[in-house]
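Taking it in order: structure first as structure tokens, then the write-up.
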Amino acid sequence: MKIAATYENGNIFQHFGHTEQFKVYDVEDGKIVSSEVIGTDGNGHGALAGVLGGLHVEALICGGIGGRAQNALAAAGIKLYGGVSGDADAAVEALLAGNLEFSANATCNHHGGHHHDGDCHGYEGGCHGHGGNCHE
């Protein structure tokens with residue numbers, strides 16, 4: 001099984017559509033056997049589901065994520081665990097242990113305007129503050 005996490009500096013990156021890296025974990029018998037950081041090669045938004053599909057990823061852990069990207073992941077057969085923040089390795093371990101806290105409704109709401117720092121803070125799985133405009 002392969003699990004991916006949006007990734008930046010060891011943590012879950014909070015805006016799926018702008019992630020520049022995924023950390024991809026190979027899991028066997030409920031244990032991480034290897035992991036690798038993969039660049040997105042400049043792909044963004046909906047194209048990222050294709051990147052993950054090409055890597056044969058079965059599950060994704062991320063912060064905020066928009067509706068179109070959620071649909072693209074679902075179409076690719078990738079299970080989504082959104083609204084997660086903190087250490088990426090710890091999140092994968094929590095998922096494997098069955099105690100990962102995530103939001104089934106991890107969406108980025110489009111508020112208009114531009115997001116302050118390109119970061120979707122993942123609060124309740126959505127964007128908040130800054131008058132954010134989070135894209136899928």
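Values quoted throughout were computed directly from the atomic coordinates according to the rules given, and no laboratory measurement underlies them. Note that the structure is predicted; figures quoted are calculated from it, not measured. Here the Cβ is made from the backbone with ideal geometry for all residues, glycine too, and neighbour counts use every protein chain on show.
What are the ³J(HN,Hα) values, in whole Hz, obtained from phi via the Karplus relation 6.51 cos²θ - 1.76 cosθ + 1.60 with θ = phi - 60°, for each residue of the stretch 6-18 in sequence order, with x given for Gly and Pro?
4, 9, 7, 6, x, 10, 5, 6, 8, 9, 3, x, 10
Would you calculate the separation in nanometres between label points at ASP26 and ASN43, each defined as 7 Å from the Cα along the Cα-to-beta-carbon direction?
Distance between label points: 2.0 nm.
Using Cβ contacts closer than 10 Å as the measure, can you line up LYS23, LYS79 from fewest to most?
In increasing order of surrounding Cβ atoms, one gets LYS79, LYS23.
Please compute the length gained on full extension between LEU55 and ASN99, using 0.36 nm multiplied by the number of residues separating them and subtracting their Cα-Cα distance.
Details: separation 44, 0.36 × 44 = 15.84 nm, distance 2.52 nm.
Fully extending the segment from LEU55 to ASN99 adds 13.3 nm.
Amide H neighbours of SER35 under 5 Å, counting only residues 5+ apart in sequence or on other chains, H built in-plane at 1.01 Å?
Amide H neighbours of SER35, under 5 Å, 5+ apart: ASP26.
Please list, in chain and number order, the residues 5+ apart from GLY82 or on another chain whose amide H is under 5 Å from its amide H, with Hs placed from the backbone.
When sequence neighbours closer than 5 places are left aside, the close amide H contacts are CYS62, SER103, ALA106.
Could you give the length gained on full extension between GLU36 and ASP89, defined as 0.36 nm per residue of separation minus the Cα-Cα distance, in nm?
Working: separation 53, 0.36 × 53 = 19.08 nm, distance 1.14 nm.
Extra length from GLU36 to ASP89 when fully extended: 17.9 nm.
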